[in-house]
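Notes for the one structure printed next.
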Amino acid sequence: MVELIYENPKIYRIFVPLPENPLKLLNSYVIITENRNLIIDTGFKREECLKALLGGLKELKLELEKTDIFLTHLHSDHCGLINKLTTDNNKVYMSEIDYDYLIGNLIGDNWKKIEERFKEEGFPNDIAFRLKESNHAKRFAPDKIFEVIKLKNEDKIQIGDTELIGIHTPGHTPGHMCLYIPKEKILFSGDHVLFDITPNITSWLEKKDSLGDYIESLKKIKKLDIKTTFPGHREIGISIYDRIDSILNHHKERLEELLEVLSKKDSQTAYEIASQMTWNTRGKGWNEFPDNQKWFATGETMSHLDYLYCRNKIEKILDKDNFYKYSIK
Ligand SMILES: [Zn+2]
(Lines give C-alpha, C1' and ligand atoms only; values in the text may rest on other atoms or scores of the structure.)
Protein backbone atom coordinates (compact mmCIF):
# COMPACT_ATOMS: atom_id res chain seq x y z
CA MET A 1 0.00 0.00 0.00
CA VAL A 2 1.22 3.46 -0.94
CA GLU A 3 0.09 6.81 0.46
CA LEU A 4 0.95 10.35 -0.68
CA ILE A 5 1.94 12.21 2.48
CA TYR A 6 3.51 15.45 1.21
CA GLU A 7 2.88 17.54 -1.87
CA ASN A 8 6.07 19.51 -2.61
CA PRO A 9 8.40 17.69 -2.89
CA LYS A 10 6.22 14.64 -3.50
CA ILE A 11 6.72 12.21 -0.63
CA TYR A 12 5.06 8.81 -0.46
CA ARG A 13 4.93 6.23 2.29
CA ILE A 14 5.06 2.52 1.48
CA PHE A 15 3.68 0.31 4.27
CA VAL A 16 6.07 -2.62 4.72
CA PRO A 17 4.69 -5.30 7.09
CA LEU A 18 7.03 -6.83 9.70
CA PRO A 19 5.49 -10.26 10.44
CA GLU A 20 5.96 -11.75 13.95
CA ASN A 21 7.48 -8.46 15.10
CA PRO A 22 5.96 -6.16 17.75
CA LEU A 23 6.87 -3.14 15.58
CA LYS A 24 4.29 -4.47 13.07
CA LEU A 25 5.14 -2.10 10.22
CA LEU A 26 8.05 -0.24 8.68
CA ASN A 27 7.48 3.07 6.92
CA SER A 28 9.57 3.21 3.76
CA TYR A 29 9.49 6.76 2.38
CA VAL A 30 9.98 7.76 -1.25
CA ILE A 31 10.82 11.31 -2.34
CA ILE A 32 10.11 11.88 -6.01
CA THR A 33 11.53 14.82 -7.96
CA GLU A 34 11.74 15.49 -11.69
CA ASN A 35 15.09 13.82 -12.33
CA ARG A 36 16.05 11.90 -9.17
CA ASN A 37 14.31 10.01 -6.36
CA LEU A 38 15.23 8.82 -2.89
CA ILE A 39 14.04 5.79 -0.92
CA ILE A 40 14.45 5.98 2.86
CA ASP A 41 14.71 2.50 4.51
CA THR A 42 13.74 -0.88 3.10
CA GLY A 43 12.29 -3.55 5.43
CA PHE A 44 13.65 -6.98 6.46
CA LYS A 45 15.19 -9.29 3.88
CA ARG A 46 12.12 -11.53 3.85
CA GLU A 47 9.49 -12.32 1.27
CA GLU A 48 6.59 -10.35 2.84
CA CYS A 49 8.69 -7.16 3.01
CA LEU A 50 10.11 -7.55 -0.50
CA LYS A 51 6.63 -8.03 -1.97
CA ALA A 52 5.27 -4.90 -0.27
CA LEU A 53 8.29 -2.75 -1.12
CA LEU A 54 8.53 -3.76 -4.77
CA GLY A 55 4.73 -3.52 -5.10
CA GLY A 56 4.86 0.05 -3.79
CA LEU A 57 7.75 1.04 -6.06
CA LYS A 58 5.87 -0.42 -9.04
CA GLU A 59 2.75 1.54 -8.15
CA LEU A 60 4.88 4.70 -8.15
CA LYS A 61 6.44 3.66 -11.48
CA LEU A 62 9.83 4.27 -9.96
CA GLU A 63 12.98 3.57 -11.98
CA LEU A 64 15.67 2.24 -9.65
CA GLU A 65 18.40 3.60 -11.95
CA LYS A 66 17.21 7.10 -11.05
CA THR A 67 16.64 6.37 -7.38
CA ASP A 68 19.16 6.62 -4.54
CA ILE A 69 18.68 5.05 -1.11
CA PHE A 70 19.25 6.43 2.37
CA LEU A 71 19.47 4.06 5.35
CA THR A 72 18.71 5.64 8.72
CA HIS A 73 20.52 2.90 10.65
CA LEU A 74 21.94 -0.61 10.66
CA HIS A 75 18.91 -2.53 11.96
CA SER A 76 17.77 -5.23 9.54
CA ASP A 77 14.18 -3.93 9.35
CA HIS A 78 15.66 -0.74 7.86
CA CYS A 79 18.42 -2.07 5.61
CA GLY A 80 17.68 -5.80 5.04
CA LEU A 81 16.48 -5.45 1.45
CA ILE A 82 19.19 -3.07 0.28
CA ASN A 83 20.73 -5.55 -2.18
CA LYS A 84 17.38 -5.77 -4.02
CA LEU A 85 17.48 -2.02 -4.76
CA THR A 86 21.04 -1.33 -5.83
CA THR A 87 21.98 -0.90 -9.52
CA ASP A 88 25.13 0.28 -11.31
CA ASN A 89 23.72 3.81 -11.42
CA ASN A 90 22.31 4.51 -7.97
CA LYS A 91 23.91 5.38 -4.67
CA VAL A 92 23.36 4.23 -1.11
CA TYR A 93 23.89 6.72 1.71
CA MET A 94 24.48 5.63 5.29
CA SER A 95 26.31 6.96 8.33
CA GLU A 96 29.94 5.89 8.47
CA ILE A 97 29.61 4.62 12.04
CA ASP A 98 26.62 2.34 11.42
CA TYR A 99 28.04 1.09 8.13
CA ASP A 100 31.30 0.03 9.78
CA TYR A 101 29.36 -1.61 12.64
CA LEU A 102 27.12 -3.44 10.17
CA ILE A 103 30.17 -4.86 8.39
CA GLY A 104 31.27 -6.16 11.82
CA ASN A 105 27.86 -7.85 12.13
CA LEU A 106 27.89 -9.34 8.64
CA ILE A 107 31.47 -10.61 8.37
CA GLY A 108 33.10 -9.85 11.73
CA ASP A 109 32.57 -11.22 15.21
CA ASN A 110 30.18 -8.59 16.61
CA TRP A 111 27.43 -11.12 17.34
CA LYS A 112 29.81 -13.40 19.21
CA LYS A 113 31.03 -10.47 21.31
CA ILE A 114 27.45 -9.33 22.04
CA GLU A 115 26.45 -12.84 23.13
CA GLU A 116 29.47 -12.96 25.46
CA ARG A 117 28.56 -9.54 26.84
CA PHE A 118 24.96 -10.66 27.59
CA LYS A 119 26.29 -13.80 29.26
CA GLU A 120 28.38 -11.69 31.63
CA GLU A 121 25.24 -9.69 32.43
CA GLY A 122 23.49 -12.86 33.60
CA PHE A 123 21.50 -13.67 30.44
CA PRO A 124 20.77 -17.46 30.60
CA ASN A 125 22.67 -19.70 28.18
CA ASP A 126 19.65 -21.79 27.20
CA ILE A 127 17.65 -18.74 26.07
CA ALA A 128 20.68 -17.32 24.22
CA PHE A 129 21.07 -20.66 22.44
CA ARG A 130 17.41 -20.70 21.30
CA LEU A 131 17.69 -17.10 20.13
CA LYS A 132 20.68 -17.90 17.91
CA GLU A 133 18.29 -19.71 15.57
CA SER A 134 15.39 -17.27 15.63
CA ASN A 135 17.17 -13.88 15.81
CA HIS A 136 15.37 -11.69 13.24
CA ALA A 137 18.18 -9.12 13.22
CA LYS A 138 20.57 -11.84 12.01
CA ARG A 139 18.21 -13.90 9.82
CA PHE A 140 16.79 -10.96 7.87
CA ALA A 141 19.97 -8.88 7.52
CA PRO A 142 21.40 -7.93 4.07
CA ASP A 143 22.66 -11.09 2.30
CA LYS A 144 25.98 -9.52 1.33
CA ILE A 145 28.08 -6.40 1.79
CA PHE A 146 27.04 -3.39 -0.28
CA GLU A 147 28.84 -0.19 -1.24
CA VAL A 148 27.79 3.08 0.38
CA ILE A 149 28.63 6.74 0.46
CA LYS A 150 29.54 7.17 4.11
CA LEU A 151 27.96 10.17 5.81
CA LYS A 152 29.07 12.26 8.76
CA ASN A 153 26.97 14.67 10.80
CA GLU A 154 25.46 17.44 8.64
CA ASP A 155 26.60 15.97 5.33
CA LYS A 156 24.24 16.97 2.53
CA ILE A 157 22.38 14.94 -0.09
CA GLN A 158 20.92 16.57 -3.20
CA ILE A 159 17.87 14.90 -4.78
CA GLY A 160 16.70 16.99 -7.74
CA ASP A 161 16.07 20.42 -6.27
CA THR A 162 15.60 19.09 -2.73
CA GLU A 163 18.48 19.43 -0.30
CA LEU A 164 18.59 17.02 2.64
CA ILE A 165 20.93 16.99 5.63
CA GLY A 166 21.99 13.90 7.60
CA ILE A 167 21.82 14.54 11.34
CA HIS A 168 23.85 12.14 13.48
CA THR A 169 21.64 11.01 16.37
CA PRO A 170 23.50 8.22 18.23
CA GLY A 171 21.65 6.21 20.89
CA HIS A 172 19.22 3.77 19.27
CA THR A 173 22.26 2.65 17.24
CA PRO A 174 25.78 4.14 17.47
CA GLY A 175 25.52 5.83 14.05
CA HIS A 176 21.78 6.44 13.70
CA MET A 177 20.97 9.29 11.33
CA CYS A 178 17.84 11.37 10.87
CA LEU A 179 17.32 13.17 7.57
CA TYR A 180 16.23 16.80 7.53
CA ILE A 181 14.82 18.93 4.70
CA PRO A 182 15.50 22.49 5.94
CA LYS A 183 13.40 24.20 3.27
CA GLU A 184 10.23 22.33 4.28
CA LYS A 185 11.18 21.73 7.94
CA ILE A 186 10.61 18.01 7.50
CA LEU A 187 12.42 15.40 9.61
CA PHE A 188 12.65 11.72 8.75
CA SER A 189 13.28 10.50 12.28
CA GLY A 190 14.08 6.81 11.63
CA ASP A 191 13.88 5.03 15.00
CA HIS A 192 15.21 8.02 16.93
CA VAL A 193 11.73 9.38 17.64
CA LEU A 194 8.66 7.15 17.25
CA PHE A 195 5.21 8.29 18.27
CA ASP A 196 3.32 5.26 19.51
CA ILE A 197 6.17 3.09 20.74
CA THR A 198 9.30 3.96 22.72
CA PRO A 199 12.51 3.30 20.74
CA ASN A 200 14.60 0.49 22.23
CA ILE A 201 17.88 1.71 23.71
CA THR A 202 20.34 -1.10 24.31
CA SER A 203 23.99 -1.28 25.31
CA TRP A 204 26.37 -1.37 22.29
CA LEU A 205 29.86 -2.79 21.92
CA GLU A 206 32.51 -0.14 22.54
CA LYS A 207 29.87 2.35 23.69
CA LYS A 208 30.03 3.31 27.34
CA ASP A 209 26.71 5.14 27.60
CA SER A 210 24.12 4.61 24.82
CA LEU A 211 21.31 6.08 26.90
CA GLY A 212 23.36 9.21 27.64
CA ASP A 213 24.09 9.51 23.90
CA TYR A 214 20.40 9.02 23.12
CA ILE A 215 19.26 11.70 25.55
CA GLU A 216 21.79 14.15 24.05
CA SER A 217 20.54 13.27 20.55
CA LEU A 218 16.92 13.95 21.60
CA LYS A 219 17.99 17.37 22.87
CA LYS A 220 19.87 17.98 19.61
CA ILE A 221 16.72 17.30 17.54
CA LYS A 222 14.68 19.52 19.85
CA LYS A 223 16.80 22.48 18.70
CA LEU A 224 15.85 21.97 15.03
CA ASP A 225 12.93 23.82 13.48
CA ILE A 226 10.59 20.93 12.57
CA LYS A 227 7.04 21.17 11.24
CA THR A 228 6.52 17.60 10.06
CA THR A 229 8.05 14.35 11.32
CA PHE A 230 8.00 11.09 9.41
CA PRO A 231 9.00 8.23 11.77
CA GLY A 232 10.39 4.80 10.83
CA HIS A 233 7.44 2.86 12.27
CA ARG A 234 3.69 3.13 12.66
CA GLU A 235 1.87 6.44 12.96
CA ILE A 236 2.95 9.92 11.92
CA GLY A 237 2.60 12.09 15.04
CA ILE A 238 1.84 15.76 15.35
CA SER A 239 4.32 17.40 17.73
CA ILE A 240 7.82 16.00 17.87
CA TYR A 241 8.69 18.40 20.69
CA ASP A 242 5.96 16.99 22.98
CA ARG A 243 6.97 13.48 22.03
CA ILE A 244 10.63 14.13 22.87
CA ASP A 245 9.59 15.46 26.29
CA SER A 246 7.53 12.36 27.00
CA ILE A 247 10.39 10.04 25.90
CA LEU A 248 12.82 11.96 28.14
CA ASN A 249 10.38 11.62 31.01
CA HIS A 250 9.93 7.90 30.33
CA HIS A 251 13.68 7.29 30.73
CA LYS A 252 13.81 9.40 33.87
CA GLU A 253 11.08 7.20 35.39
CA ARG A 254 12.83 4.01 34.26
CA LEU A 255 16.07 5.14 35.93
CA GLU A 256 14.14 5.79 39.15
CA GLU A 257 12.49 2.37 38.96
CA LEU A 258 15.87 0.74 38.40
CA LEU A 259 17.35 2.44 41.48
CA GLU A 260 14.36 1.20 43.47
CA VAL A 261 14.96 -2.41 42.35
CA LEU A 262 18.63 -2.03 43.32
CA SER A 263 17.77 -0.50 46.69
CA LYS A 264 15.95 -3.73 47.66
CA LYS A 265 18.95 -6.01 47.10
CA ASP A 266 22.68 -5.58 46.46
CA SER A 267 24.80 -7.45 43.97
CA GLN A 268 22.36 -8.32 41.17
CA THR A 269 23.01 -9.04 37.49
CA ALA A 270 21.38 -6.93 34.74
CA TYR A 271 19.20 -9.94 33.89
CA GLU A 272 17.96 -10.29 37.48
CA ILE A 273 17.23 -6.57 37.59
CA ALA A 274 15.40 -6.67 34.24
CA SER A 275 13.14 -9.47 35.53
CA GLN A 276 11.87 -7.15 38.30
CA MET A 277 11.22 -4.08 36.13
CA THR A 278 7.80 -3.27 34.65
CA TRP A 279 7.42 -4.30 31.01
CA ASN A 280 4.52 -4.29 28.64
CA THR A 281 4.03 -8.05 28.97
CA ARG A 282 0.30 -8.06 28.14
CA GLY A 283 -0.59 -9.40 31.55
CA LYS A 284 1.99 -12.19 31.51
CA GLY A 285 4.75 -12.56 34.06
CA TRP A 286 8.48 -12.37 33.26
CA ASN A 287 8.73 -16.16 32.94
CA GLU A 288 6.15 -16.25 30.14
CA PHE A 289 7.76 -13.29 28.37
CA PRO A 290 9.02 -14.44 24.91
CA ASP A 291 12.77 -15.11 24.61
CA ASN A 292 13.46 -12.19 22.29
CA GLN A 293 11.56 -9.78 24.57
CA LYS A 294 13.75 -10.95 27.48
CA TRP A 295 16.78 -10.15 25.32
CA PHE A 296 15.52 -6.63 24.49
CA ALA A 297 14.52 -6.00 28.11
CA THR A 298 17.98 -7.05 29.34
CA GLY A 299 19.67 -4.80 26.76
CA GLU A 300 17.44 -1.89 27.76
CA THR A 301 18.27 -2.50 31.44
CA MET A 302 22.01 -2.66 30.60
CA SER A 303 21.90 0.78 28.90
CA HIS A 304 20.16 2.25 31.96
CA LEU A 305 22.72 0.64 34.29
CA ASP A 306 25.54 2.05 32.12
CA TYR A 307 23.95 5.50 32.44
CA LEU A 308 23.85 5.30 36.24
CA TYR A 309 27.36 3.80 36.42
CA CYS A 310 28.81 6.63 34.25
CA ARG A 311 27.22 9.12 36.66
CA ASN A 312 28.66 7.42 39.74
CA LYS A 313 25.28 6.35 41.14
CA ILE A 314 25.94 2.60 41.23
CA GLU A 315 28.79 0.11 41.64
CA LYS A 316 29.65 -2.67 39.25
CA ILE A 317 31.86 -5.65 40.12
CA LEU A 318 32.93 -8.63 38.01
CA ASP A 319 32.53 -11.60 40.39
CA LYS A 320 34.57 -14.81 40.45
CA ASP A 321 32.10 -16.56 38.12
CA ASN A 322 32.51 -13.80 35.52
CA PHE A 323 29.14 -12.11 36.11
CA TYR A 324 28.77 -8.34 36.47
CA LYS A 325 26.94 -7.55 39.71
CA TYR A 326 25.40 -4.15 40.38
CA SER A 327 24.74 -2.44 43.71
CA ILE A 328 23.55 0.96 44.74
CA LYS A 329 26.24 3.39 46.03
ZN1 LIG B 1 15.89 0.34 14.78
Over 24 Å between Cα atoms, which of Lys152/Lys252; Lys152/Lys313; Lys119/Lys207; Lys91/Lys227; Lys207/Lys316; Lys183/Lys220 qualify? Lys152/Lys252; Lys152/Lys313; Lys91/Lys227
What number comes out for accessible area per residue over the chain if the probe is 1.4 Å? Units Å², please. 47 Å²
Interchain or long-range residues, amide H under 5 Å from Tyr93's placed H: Ile69, Phe70, Leu71, Ile149
What share of Cα pairs, in percent, lie more than 22 angstrom apart in the range 1-154? 45 percent
Highest average packing first - 2-13, 316-327, Cβ atoms within 10 Å: 2-13, 316-327
Would you work out what percent of the accessible area of the chain, with all protein chains in place, is carbon or sulfur (probe 1.4 Å)? 49 percent
The chain: calculated mean residue ellipticity at 222 nm from DSSP helix runs of at least 4, using -39500 (n - 2.57): -11000 deg cm²/dmol
Counting only DSSP beta bridges fully inside the chain, the antiparallel percentage to nearest 5 is 70 percent
Would you pull out the residues with amide H under 5 Å of Ile5's amide H, same chain only if 5 or more places away, H placed 1.01 Å from N? Ile11, Tyr12, Arg13
What is the dipole size for the range 255-328, taken about its Cα centre, with +1 at each Lys and Arg Cβ and -1 at each Asp and Glu Cβ, in debye to the nearest 20? 20 debye
Solution diffusion estimate, µm²/s, Stokes-Einstein, the range 255-328, Kirkwood Rh from C-alpha pairs, 10 °C, viscosity 1.306 mPa s: 125 µm²/s
What full-extension length gain, to one decimal in nm, is calculated for Leu4 and Cys310 as 0.36 nm per residue of separation minus the Cα-Cα distance? 105.7 nm
If I model the chain as equal point scatterers sitting on the Cα atoms and use the Debye formula, what is log10 I(q)/I(0) at q = 0.06, 0.07, 0.11 Å⁻¹? -0.21, -0.29, -0.70
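The values are calculated or read from the model by the stated rules, or taken from the named source; none is laboratory data. The structure presented is a predicted model; accordingly, all values stated were derived computationally and were not measured. Please note: Cβ atoms are built from the backbone with ideal geometry, for glycine as well, and neighbour counts cover all protein chains shown. Keep in mind that these areas ignore ligands, DNA and RNA; they rest on the heavy atoms of the full protein, side chains included. Shrake-Rupley method; radii C 1.70, N 1.55, O 1.52, S 1.80 Å.
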